[in-house]
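K.L.:
I have a structure I would like to understand better, so I am pasting it below and will then ask my questions one at a time.
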Amino acid sequence: MEHLKELISRFSCAYVEDYKKIWIKAKLNSKDDLLDVAKALQTEGLRSLSTVSPTDFAEDGIMEINYFFEDLDTKRNLWLKVDLPRDEAVCEIESLTPLFASANWHEREAYSMFGVRFLHHPDLRDIIKSEDFRDKYPFRVDFDWDAHEKETVANVQQIVDAFKKEQSENEVDLESDSSETILNWGPTHPASGPIRLRVHCDGEEIISIDPDIGYVWRALEHLVTKKDFIGAIVAVERLCFMDNINSMVGYAMAVEEIAGVTITPFASWMRVLLGETARISSHFMGMGVFFNNMGLHTLAMWNMDTREFFLDFLESYSGARIATAAIEPGGVRYGLDMRMFDELQKALDKFDANIDEVEAIFVKNPTMRMRAAEVGRLSADEIHMFGLSGIVARASGVKTDIRIDEPYAAYDKLDLEYITQERGSARDRFVMIFEELKSSVAIIKKAKQHIEEAVANGEMNPTKDHMVKVPKKLPKGEAISRVEWARGEVLMHLVTQEKAKSPYRLKMRAPSFNHTMMLDYLLRGQTLSDIPLIFGSLYVCQGDLDR
Amino acid sequence: MLKILDFFDYAKSESLWMAHFCTGCCSLEMAAAMGPRYDWERYGYMPTPTPRQADVLMITGLVSKKILPALLRTYAQMPEPKYIVALGACSFDGGPYNDSLAVIKNPTEILPADVFIAGCPPKPEAIIEGLEAVKKKIKEGIPSAASQGGLWKEMEF
């Protein structure tokens, strides 16, 4: 860490300081140094760029760009800031994509939403936002949403026109006597969900893939700024419904850090318990989707059966199966009636009764092994290069897990170990989900036992300890928090103004964004029939892809 | 003659197939309704990958501006008679995304729904109940709402 600090100090910085245990926070005085800093960091071993997050300070006329560099091996991280002028004509900075492949889509997103131009970016096009926002930057503070909304029908017409134009150009661009064609995979493909892949193929062989995303774009990052700190939970949990608890945990941690609140041990154990329940419910769907995309629907049905029991527990705790809104800044929303653990026990029993059969039939399935063991392989180097996280990273043998690297809630009290696979193929990612499912159940059992014992000893009071008061108005500040989500790393960057009632800026870095970026890289030269398989194995959810 | 028509309405209503098209998060609960615990195939419902074989189009939650043309095109590809079921708060008034301007707040003004299912997301039981309401509508010979009007007739997609 000291070495890294010294390395940054060599450049002209406004400040270089320690932040949390494994972060260094620094601000560059000049944007001209950025490329040199980035090169030095890469040599130092910080090979992944987690995300690029602009914050628009309209009053000061400043666009502040935040870069989050990570080293997945030694767990050293750097939060680097640099100021740009806000004026659209001069709001530009050198692109880091030539150095960090993972920056590609993140820079495109910053360009689309804030109008920050990245010089020498190989492919600086709009992403996520729909065609009616062309040359408009919706996340800028002074963007007039009301005026834009009045024209809804005309806006839709603009989207239709752009789509039709694109389709007609496809036919002109390709030579009529070649066997090349451009194919739309989705958004109505049964395996795709709301995403469209423009597949340029020659017969069966894929030449390139250009994912067109944004079909479920809800502008969540902008939506939270219109709500108060509690109301923002509604938007945050809808990052993706499959694992909504952990995204709320991340947001709550950022708010607590700014408010200077520490939660009770009971609340932190409940966050582990609920978080792992949500992770299990997500992993069950993920495994089901993988087999569904190969055309085998039995596993999805089996998993859905067991998953229902875990949802029952969430329902008995919060009143809702999926949209639980169970985590709040300051703890967990509800007290615990110990009888709710009976529901959880039922789920655990059901899991234990079924899991061996699932393993024998599906995980060791010879057909699946032959089909998936060689496709979609990612090496450890590529994981670093593209900033991948979660099960995709661990399937390639990279030891990264935020529950262990930067423990939150009560994960530091659990003796966790990295679970990894070696070869990084589609099959390894599937096995990875399965192994993690088992480890999540083990964590739940430990957490449940711990809470039961502490309640019996009188150390915890399950009806009163769940919440610490967090003030409604927060001081000026900013914080980042990271959680290990079902699909990988979620990084929340929260900025507040003095006496703020609502977030000024919340950046949610979600893993599916990076994983979808990989499709083009993985599928070039493969055949069309590999698309569903590899897409399914990357465990993508459109909710957190578009936000 | 009347009796034969009644028979066709009955047959139609007892094997409703859904176009497999997800526009938002409610599709997760739709998947749960397909699962073993709720098992909507007991009632004759089934998802079908192509709109050409579908009787019912489900608006599963939010409709963003970008997906609306695809939704309308899917609807146009379905053969008559066809019905629309709107799931969740989003398809009624934008729901939790009411403040977000990337989302269309009144998709059912554009594509009128025959049945609304409340919830965010609706529980699987509610989804099945909503589909039962579609059955009833078909048996009573009531024409679908989208065939009677809606902005979609004037829009290009």
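The values are calculated or read from the model by the stated rules, or taken from the named source; none is laboratory data. These numbers were taken from a predicted model, which means no experiment stands behind them. No Cβ is skipped: glycine too gets one built from the backbone with ideal geometry, and neighbour counts run over all protein chains shown.
K.L.:
So which residues in region A:517-547 are buried (at least 23 other Cβ atoms within 10 Å of the Cβ) and of a type in the set (S, T, N, Q), if there are any at all?
P.N.:
Selection gives A:537, A:542.
K.L.:
Identify all residues within region B:48-93 that are away from chain A (no Cβ under 13 Å), more than 22 Å from residue A:546 (Cα to Cα) and either among the hydroxyl-bearing types (Ser, Thr, Tyr) or in contact with a Gly (Cβ under 7 Å, 6 or more places away or on another chain) (or both); write none if there are none.
P.N.:
Listed by number, the residues that qualify are B:83, B:85.
K.L.:
Which strands (runs of 3 or more DSSP E) sit wholly inside region A:1-119 and have at least 3 residues that are touching a Ser or Thr at 6+ places or on another chain (Cβ under 6 Å)? Show your work before the answer.
P.N.:
Working: elements: A:13-19, A:23-28, A:48-57, A:62-70, A:77-85, A:92-94, A:117-119.
So the answer is A:62-70.
K.L.:
Can you tell me which residue is farthest from the other protein chains (Cβ to nearest Cβ) among those in region A:132-156 that are under 28 Å from the mean Cα position of the chain (by Cα) and not in a loop (DSSP other than H, G, I, E, B)?
P.N.:
A:133
K.L.:
Another question, then. Out of region A:210-232, which residues are away from chain B (no Cβ under 14 Å) and either surrounded by 21 or more Cβ atoms within 10 Å (Cβ to Cβ) or hydroxyl-bearing (Ser, Thr, Tyr) (or both)?
P.N.:
A:229
K.L.:
Working only within region B:110-151, note down all residues that are acidic (Asp, Glu), under 20 Å from residue B:95 (Cβ atoms) and outside any helix (DSSP H, G or I).
P.N.:
B:114
K.L.:
Turning to a different aspect of this structure: So which residues in region A:297-343 are within 9 Å of chain B (Cβ to nearest Cβ) and over 23 Å from residue A:452 (Cβ atoms)?
P.N.:
Listed by number, the residues that qualify are A:300, A:301, A:302, A:303, A:304, A:305, A:307, A:308, A:320, A:321, A:322, A:323.
K.L.:
Still on this structure, please answer the following. Looking only at region A:157-211, how many residues end up being among the small types (Gly, Ala, Ser), within 29 Å of residue A:292 (Cβ to Cβ) and either modelled with pLDDT of 85 or more or over 31 Å from the mean Cα position of the chain (by Cα) (or both)?
P.N.:
2
K.L.:
Still on this structure, please answer the following. Got a number for residues in region A:399-427 being in contact (Cβ under 8 Å) with a residue 40 or more places away in the chain and of a type outside the set (Lys, Arg)?
P.N.:
The total comes to 13.
K.L.:
Given region B:33-104, what strands (runs of 3 or more DSSP E) lie entirely inside it while holding 2 or more residues that are free of Cβ contacts under 8 Å to residues at least 24 places away in the same chain?
P.N.:
Once the strands (runs of 3 or more DSSP E) in region B:33-104 are filtered for at least 2 residues that are free of Cβ contacts under 8 Å to residues at least 24 places away in the same chain, nothing remains.
K.L.:
Taking region A:168-199 on its own, how many of its residues are within 12 Å of chain B (Cβ to nearest Cβ) and not in a loop (DSSP other than H, G, I, E, B)?
P.N.:
The number of residues fulfilling the criteria is 2.
K.L.:
Please pick out the residue among A:28, A:78, A:72 that is surrounded by 19 or more Cβ atoms within 10 Å (Cβ to Cβ) and within 21 Å of residue A:111 (Cα to Cα).
P.N.:
One residue alone meets the criteria, A:28.
K.L.:
Does any residue in region A:178-205 that is on the phi > 0 side of the Ramachandran plot come within less than 8 Å, Cβ to Cβ, of a residue that is assigned to a strand (DSSP E or B) six or more places away or on a different chain, and which pairs are these?
P.N.:
Matching pairs, first to second residue: A:186/A:196; A:186/A:197.
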